[in-house]
Structures are given as C-alpha cells and as structure tokens.
Amino acid sequence: MSGGDKYVYQSGFGNHFASEALPGALPVGQNSPQVCPYGLYAEQLSGTAFTVARHANQRTWFYRIHPSVVHRPFAPYNQDGHSIIGTFDARTTEPTPTQIRWLPFAIPEDQQVDFVDGLRTIGGAGDTALKNGLAVHIYAATTSMNQRAFSNSDGDLLIVPQQGRLDITTEFGPIMVAPNEIAVVQRGIRFSVALPD
C-alpha cells in the first residue's frame, strides 16, 4: 500500500470478509432476509459457474439502496475519435512482424480528459465476442470521472499507474493505487477513477 493511502484494506485470498458503511447494515445469520436493515436490497454476485460445488462457490453479497435492475441501462461508449479496440482481426488491425516502438504518449494538459476518455489501445490478440484473448491499453488522464462509471464487459482490467495515484471506487469499495502498484477490476464490475494528486 502506498503512503498517504486513506483506506483500510482486508487482506487474504479465498477468505470470507464483511464490511459495512453503517453499523448494523449487514444481516446477522443469513445473507438474504425478507427485510434487510436500513431498507436495503440484497443481491448476490456470483463468481463461478452454476455447476460448481457449493463449497467452491465464489460470491459476493451486496446490500444496495436500489436494486441493480433499476439502475440506468448500460450503453456502449461511442465518442468520436475514441480508440479502444476489442477485436483484433483484419477489419480492425493490421498485423505486422516488425518490431514496433513509440514515444511516450502526450498528457493532454490543455483539456479535461478522464480515465475512460484517455484510454487508447496499443495492442492485443483475440476476439471479445469469443471471450478469448487480451488487449493492452494505455491511459492519460487529467481529471477525475465525475458522475460517470465504467464497466469492462470484455474481461478483467489490470490497471498499472505510472504517474500519480488513482482513487478507484468500485462496487466492492474504494482502493488507492500508486505508481509501482497494480489494481485488478473484475469483468462486469462498475467503477470510477478519481485523480487525488
């Protein structure tokens, strides 16, 4: 964890954790009571296939103010000149055996660019429709994502900041990521990125 990190984290893999924003918000003795504390809605996010044995299930229980079905629907992000590529074939890319290198990407200091608008694809292989492959993106951001959230439906997103910290708020809670640290946001999880520095 980086210096100046204001968050407290729970550590460990394959464990069971519990956290709550308000005292008594978590139901005691059951995951999905008929009436949740504070009038919250119980929702389960499953991380495994339905054929997996119960003891091997990976899941998260969320207790939300509104159920996710009443959130505004997701919409594809289409911005003129936005260059995120998810399928790497002859229609979208030009394969080359030549070694490729480039200068560092310019930081857009004269305009407000958030994490999503600052994403650019630099390479990859495979097809997102087949859920097979990978993509490598780089980002340059000058402002926080205000009143916006992003969800990567193609796969997990590994984020490696190079300059300045990222304050990432996910459905699981906040995480502060500094240069030389990594964050992984799982596929389908909504998140927002703020720039604290």
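The values are calculated or read from the model by the stated rules, or taken from the named source; none is laboratory data. Everything quoted here is computed from the prediction, not taken from an experiment. Using ideal geometry, Cβ is built from the backbone for each residue, glycine included, and neighbour counts are taken over all protein chains shown. Ligands, DNA and RNA are excluded from the accessible area calculation, which covers all protein heavy atoms including side chains. Shrake-Rupley method; radii C 1.70, N 1.55, O 1.52, S 1.80 Å.
Placing LEU26, LEU134 in order of accessible area, with the largest value first and a 1.4 Å probe, yields LEU134, LEU26. For region 102-197, the carbon plus sulfur part of the accessible surface works out to 51%, probe radius 1.4 Å. Could you point to the label whose value was computed as Cα extents along the principal axes in Å for the structure here, given (i) 60, 42, 33; (ii) 51, 46, 33; (iii) 70, 39, 29? Answer by label: (i). Exposed loop sites here are chymotrypsin sites (Phe, Trp or Tyr not before Pro) assigned a DSSP state other than H, G, I, E or B and surrounded by at most 13 other beta carbons within 10 Å; excluding them, the longest clear run of the chain is 106-197. Restricting the trypsin sites (Lys or Arg not before Pro) of region 108-197 to loop positions (DSSP other than H, G, I, E, B) with no more than 14 neighbouring Cβ atoms within 10 Å leaves LYS131, ARG148, ARG187. Full extension of the segment from GLN112 to TRP61, taken as 0.36 nm per residue of separation minus the current Cα-Cα distance, would add 14.8 nm. If you take the alpha carbon atoms of region 136-197 and fit the smallest convex hull around them, that volume is 83 Å³ per residue. The amide H of ILE189, built 1.01 Å from its N in the peptide plane, has ASN152 as neighbours under 5 Å, considering only residues 5 or more places off or on other chains.
Its residues counted as N, region 80-197 yields a C-alpha radius of gyration over 2.2 N^0.38 Å of 1.10. Taking a point 7 Å out from the Cα of THR169 in the direction of its Cβ, the residues of region 28-66 whose backbone N falls within less than 16 Å of it are 64-66.
Per residue, the accessible area of region 7-67 comes to 83 Å², computed with a 1.4 Å probe over protein heavy atoms only. The residues of region 81-197 expose on average 64 square angstrom of accessible surface per residue, using a 1.4 Å probe on protein heavy atoms.
Between GLN186, GLN111, GLN34, the residue with the greatest mean-square fluctuation in the GNM of the chain (Cα pairs under 10 Å linked by springs) is GLN34. Note: relative contact order over the chain, using C-alpha pairs below 8 Å and six or more positions apart, is 16 percent. Computed on protein heavy atoms with a 1.4 Å probe, the accessible areas place VAL160, VAL52 in the order VAL160, VAL52, largest first. How many percent of DSSP beta bridges within region 42-188 run antiparallel, rounded to 5? Just about 95 percent of them are antiparallel.
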